[in-house]
Amino acid sequence: MSDLTLRGLHKAFGDHVVLRGVDLSVKNGSLLALLGPSGSGKTTLLRTVCGFERASQGTIEIGGRQVESDEIYVRAEARRIGYVSQEGSLFPHLSVAENIVFGLPSQQRRARHRVDELLELVGLPLSCGDRPPHQLSGGQQQRVALARALAPSPSLVMLDEPFSSLDASLRAETRQAVADALAHAGATAVLVTHDQSEALSMGHEVAVLWDGRLIQIAAPDVLYRRPVSREVASFVGEAL
Ligand code: ADP
């Protein structure tokens, strides 16, 4: 999978400036946790990288290829980014297997072995494939959403608060399953969260976004032991 590089990324909605010059690099095969309080611009950053929103200024590179700049705009579908939202948003009228292959070209949709491979990757029994999503727990549904996002072998995976709708008992187990699946797939991933313990436990690196600016990017232990500012200290200090 690819690495991701952002340079001087700005995003405004009319007069409302949300991202104020974000420079960021995510290494190939690593998971970056993007941590910040509500309203700091995390979802906007993720949606802009995906191509759902157009950047106001700056560049986005995926795997060394520029997908956005003043002159270039590669549309969302062509960026090959897997996306998992808060709710997972599975199609209720399709089986789990049909959900997983939904984004594949039609000739690949009948490949049951690919479904089985992906169910195994996310730690679900193969028998889940024939069931409707509502028969699965919330955590299992999020694993299916990840399997669906990984099915087309995307260059990057973006996860927007994927555990926030789960109750505490399911959350830890689902986090582990998702982390394992991403590692096995060799995925480069960005996980958006406002939960400090989630960011510190899952991120190879953690980036702290504050009012549209990245105020620190570091390995979890460095961030915890050597926060660069009072904001970071107060934010990550509560976690442990
Ligand atoms: P976070 O994910 O950190 O909670 P968001 O990226 O969702 O933050 O939102 C950051 C700011 O951008 C908020 O003030 C929000 O109201 C604003 N915003 C997000 N999307 C839009 C939009 N489509 N139009 C106008 N303002 C938006």
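What to note about this one:
- For the stretch 110-124, taking the residues that are over 24 Å from the mean Cα position of the chain (by Cα) and outside any helix (DSSP H, G or I), the one that is surrounded by the fewest Cβ atoms within 10 Å (Cβ to Cβ) is identified as R110.
- Inter-residue pairs, beta-carbon under 8 Å, first assigned to a helix (DSSP H, G or I) and in the stretch 50-70, second of a type in the set (A, V, I, L, M, F, W, C), 6+ apart: C50/A76; C50/I81; C50/M158
- Which numbered condition A183 misses (of (1) in a helix (DSSP H, G or I); (2) within 14 Å of the chain's Cα centre (by Cα); (3) surrounded by 15 or more Cβ atoms within 10 Å (Cβ to Cβ)): (3)
- Pick from the stretch 1-15, criterion in contact (Cβ under 8 Å) with a residue 12 or more places away in the chain and small (G, A, S), ranking: nearest to the ligand (Cβ to nearest atom): A12
Yes/no per residue for (1) among the aromatic types (F, W, Y); (2) buried (at least 19 other Cβ atoms within 10 Å of the Cβ):
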site	(1), (2)
L32	no, yes
F52	yes, no
Q57	no, no
G64	no, no
Y73	yes, no
Q86	no, no
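- Which listed residue, of F102, F163, is at negative phi and within 16 Å of the ligand (Cβ to nearest atom): F163
- Residue match in the stretch 137-155 (condition: away from the ligand (no atom under 16 Å from the Cβ), of a type in the set (S, T, N, Q), surrounded by 16 or more Cβ atoms within 10 Å (Cβ to Cβ) and closer than 22 Å to T48 by Cα): yes
- V178 farther than 27 Å from R20 by Cβ, within 14 Å of the chain's Cα centre (by Cα) and among the β-branched types (V, I, T): yes
- Tally of residues being away from the ligand (no atom under 16 Å from the Cβ), under 17 Å from K11 (Cβ atoms) and of a type in the set (G, A, S) across the stretch 59-88: 1
So that you can scan it fast, the table gives a plain yes or no per residue for (1) touching a strand residue (DSSP E or B) at 6+ places or on another chain (Cβ under 7 Å); (2) in contact (Cβ under 8 Å) with a residue 12 or more places away in the chain; (3) surrounded by fewer than 22 Cβ atoms within 10 Å (Cβ to Cβ):
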{"site": "S169", "(1), (2), (3)": "no, no, yes"}
{"site": "E173", "(1), (2), (3)": "no, yes, yes"}
{"site": "S201", "(1), (2), (3)": "no, yes, yes"}
{"site": "E205", "(1), (2), (3)": "yes, yes, yes"}
{"site": "V208", "(1), (2), (3)": "yes, yes, no"}
{"site": "L223", "(1), (2), (3)": "yes, yes, no"}
{"site": "S229", "(1), (2), (3)": "yes, yes, yes"}
{"site": "V236", "(1), (2), (3)": "no, yes, no"}
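- Subset of the stretch 16-58 that is charged (D, E, K, R) and within 23 Å of F235 (Cβ to Cβ) - its residue that is farthest from the ligand (Cβ to nearest atom): D23
No lab work stands behind these numbers, since they all come straight from the coordinates. These numbers were taken from a predicted model, which means no experiment stands behind them. All Cβ positions, even for glycine, are placed from backbone atoms using ideal geometry, and neighbour counts span all protein chains on display.
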